[in-house]
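The values are calculated or read from the model by the stated rules, or taken from the named source; none is laboratory data. None of these values were measured; they are calculated from a predicted model. Every residue, glycine among them, receives a Cβ derived from its backbone with ideal geometry; neighbour counts consider all protein chains shown. Calculation scope for accessible area: heavy atoms of the full protein, side chains included, ligands and nucleic acids excluded. Shrake-Rupley method; radii C 1.70, N 1.55, O 1.52, S 1.80 Å.
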Amino acid sequence: MTASADISRPVGVPRALSFAFVLGAFALGTSENVIAGILPRLSAAFDVHVSDVGLLVTAYAGTAVIAGPVLALLTARVPLRAITIVAVTLYAAGTVLAIVAPTYAVLLAARVATGAMHTSVLVAFMLTALRLARVGERGRTVGRITLGLGVATVIGVPIGNALSETLGWRWAFVPVAVLIGVTLLIVLAAFPDDRTPRGESGWRSLRVLTRGPVIGGVAMTAMAGLGAMTLLAFAVPFLTDTGISDRAVAPVLLIYGGACLAGNILGGRLTDHSLGRALILTLGGTGLALLVAGLIGGSAIGAVAGLVLVGITYFSTFPPLNTWIAASADGIAPDIALAVNSSAFNIGIAIAGWVGGATLAAGHCTARLPFLGVGALIIAVVISILLSHSRNASAADESDAA
């Protein structure tokens, strides 16, 4: 028997389901990022040049960017429970296929299959969590899901890499398969059978992308990802170029990971207090943190402090950004809006990687990387101020009319 949800009287996300959301997000985050650490082993195992093996990373991310919005459009009338069960099942199957892949081509197909389901799973998790969240707890509820993604980078990826070093590259995917399997079992038992329409369907649902608050939210997400990841994507060379030894990098990254988790929690609490203010504070804080990191990043202590500051502030943007998107698209097509937002996030990261890589290839030092992202965050802050002001003005007009 499945649980039912009365979204007119939200009672909070059941603990088992909340755990499944975090666990599933952790599994997806680990699967998405672990491949980068085992590229040399895959190259040797399949006798394929490492640059070609890098397509495994591109295949996952590129498929997620394209498939997410398309599947959201095609499944707008499908209950979230059905979407979640099918998407998680296919993700589990793709992960198992990656474990047993006999050739590079099969492994590439597995990455495409899992990438195609990535956004659908996360969007279903977020929409369900937001529907069940108690009044005043939406930000923290979303924060728990994005917390799973953050923990994956800090804990899941290092564990996967360690297993691949000792037992072989296939073992990097084994924890993902186990975790996604447990997630599926909990989803089958506890996911609510809520058939309430989420909004419009068909081509009419695309009008959600014409709404200013939605487009503004997507732009803020892309700018935040572009700005912060110009540094975070190159965190290791940013640290080692100051003289920090390779042996000391892992402990520093654990400290950085703890800062990211703290920022995620902080962002959730700020969101529940005031969504508009949370956007301004977290995006502005990220821009300021990048500026500080650029100014002090030339020394070992400064590089660590700068990385920690950016980790706290950037991860604090996740809850307010996703909550803003879902709230702005409510009643029209929140699933499409969140899927497009996820795509914008990945596009921003991809551009950040290209910009940072080109900067380093041109001979510039890593200490300058934080400065590259400040402009993008300024744009995001300006958008957040305009949207917040517009929202407050609309609320005031409605109050006067009432």
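Counting only residues that are open to solvent by 50 Å² or more (accessible area, probe 1.4 Å) and of a type in the set (Gly, Ala, Ser), how many does region 188-215 have?
Selection size over region 188-215: 1.
To keep it simple, each residue is scored yes or no on (1) assigned to a loop (DSSP other than H, G, I, E, B); (2) within 21 Å of Val121 (Cβ to Cβ); (3) open to solvent by less than 50 Å² (accessible area, probe 1.4 Å); (4) not small (Gly, Ala, Ser).
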residue: Leu288; (1), (2), (3), (4): no, no, no, yes
residue: Ala293; (1), (2), (3), (4): no, no, yes, no
residue: Val304; (1), (2), (3), (4): no, no, yes, yes
residue: Val310; (1), (2), (3), (4): no, no, yes, yes
residue: Tyr314; (1), (2), (3), (4): no, no, yes, yes
residue: Leu338; (1), (2), (3), (4): no, yes, yes, yes
residue: Ala344; (1), (2), (3), (4): no, yes, yes, no
residue: Ile347; (1), (2), (3), (4): no, yes, no, yes
residue: Phe371; (1), (2), (3), (4): no, no, no, yes
So how many residues does region 237-277 have that are under 21 Å from Thr313 (Cβ atoms), touching a residue at least 40 places away in the same chain (Cβ under 8 Å) and either part of a loop (DSSP other than H, G, I, E, B) or of a type in the set (D, E, K, R) (or both)?
4
Number of positions in region 287-300 that are at pLDDT 95 or above and touching a Ser or Thr at 6+ places or on another chain (Cβ under 9 Å):
4
Scanning region 28-75 residue by residue, the ones that are touching a helix residue (DSSP H, G or I) at 6+ places or on another chain (Cβ under 9 Å), without any contact (Cβ under 8 Å) to a residue 12 or more places away in the chain and closer than 30 Å to Ser201 by Cα total 1
When region 140-149 is examined, which residues are found to be surrounded by fewer than 24 Cβ atoms within 10 Å (Cβ to Cβ) and of a type in the set (Gly, Ala, Ser)?
none
Can you tell me how many residues within region 177-200 are of a type outside the set (S, T, N, Q) and in a helix (DSSP H, G or I)?
13
Of the residues Ala235, Ala219, Ala250, which is small (Gly, Ala, Ser), out of contact with any Asp or Glu (no Cβ under 6 Å at 6 or more places or on another chain) and within 29 Å of Ala327 (Cα to Cα)?
Ala219
Residue in region 72-125 that is nearest to Gly29 (Cα to Cα), counting only those that are in a loop (DSSP other than H, G, I, E, B) and of a type in the set (Gly, Ala, Ser):
Ala101
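Okay, residues lined up against (1) farther than 23 Å from Thr183 by Cα; (2) of a type outside the set (Phe, Trp, Tyr); (3) buried (at least 16 other Cβ atoms within 10 Å of the Cβ); (4) out of contact with any Phe, Trp or Tyr (no Cβ under 9 Å at 6 or more places or on another chain):
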{"site": "Ala25", "(1), (2), (3), (4)": "no, yes, yes, no"}
{"site": "Glu32", "(1), (2), (3), (4)": "no, yes, yes, no"}
{"site": "Ala36", "(1), (2), (3), (4)": "yes, yes, no, yes"}
{"site": "Pro40", "(1), (2), (3), (4)": "yes, yes, no, yes"}
{"site": "Ala45", "(1), (2), (3), (4)": "yes, yes, yes, no"}
{"site": "Leu108", "(1), (2), (3), (4)": "yes, yes, yes, yes"}
Against the definition (within 23 Å of Thr183 (Cα to Cα), more than 17 Å from the chain's Cα centre (by Cα) and open to solvent by less than 30 Å² (accessible area, probe 1.4 Å)), how does Ala67 come out, yes or no?
no
Scan region 354-369 for residues that are part of a loop (DSSP other than H, G, I, E, B) and either crowded, with 24+ Cβ neighbours inside 10 Å or not aliphatic (A, V, I, L, M) (or both) and report the count.
3
Sole exception among (1) open to solvent by 40 Å² or more (accessible area, probe 1.4 Å); (2) part of a helix (DSSP H, G or I); (3) at pLDDT below 90 for Val135, by number:
(2)
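If you check Val340 against the conditions, is it at pLDDT 90 or above and more than 30 Å from Ala116 (Cα to Cα)?
no
Going through region 111-131 one residue at a time, which ones are touching a Gly at 6+ places or on another chain (Cβ under 9 Å) and either at positive phi or buried (at least 23 other Cβ atoms within 10 Å of the Cβ) (or both)? Walk me through how you get there before you give the answer.
Applying the first criterion (touching a Gly at 6+ places or on another chain (Cβ under 9 Å)) to region 111-131 yields 111-123, 125.
Across region 111-131, the qualifying residues are Arg111, Thr114, Gly115, Met117, His118, Thr119, Ser120, Val121, Leu122, Val123, Phe125.
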Does at least one position in region 330-341 carry a residue that is without any contact (Cβ under 8 Å) to a residue 12 or more places away in the chain and of a type outside the set (Val, Ile, Thr)?
no
Please enumerate the residues belonging to region 156-207 that are over 30 Å from Ser43 (Cα atoms) and among the hydrophobic types (A, V, I, L, M, F, W, C).
Val182, Leu184, Leu185, Ile186, Val187, Leu188, Ala189, Ala190, Phe191, Trp203, Leu206
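Search region 47-64 for residues being of a type in the set (A, V, I, L, M) and open to solvent by less than 40 Å² (accessible area, probe 1.4 Å), and hand back the single one that is modelled with the lowest pLDDT.
Going through region 47-64, the residues of a type in the set (A, V, I, L, M) turn out to be 48, 50, 53, 55-57, 59, 61, 64.
Subset that is open to solvent by less than 40 Å² (accessible area, probe 1.4 Å): 48, 53, 56, 59, 61, 64.
Working: Val48: 86, Val53: 81, Leu56: 86, Ala59: 88, Ala61: 87, Ala64: 92.
Checked region 47-64; the qualifying residue modelled with the lowest pLDDT is Val53.
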Filter region 153-180 down to residues that are buried (at least 17 other Cβ atoms within 10 Å of the Cβ) and out of contact with any Gly (no Cβ under 9 Å at 6 or more places or on another chain) and give me whichever is nearest to Ala82 (Cα to Cα).
Ala177
Hey, Ile351 over 29 Å from Arg204 (Cβ atoms), open to solvent by 70 Å² or more (accessible area, probe 1.4 Å) and modelled with pLDDT of 95 or more or not
no
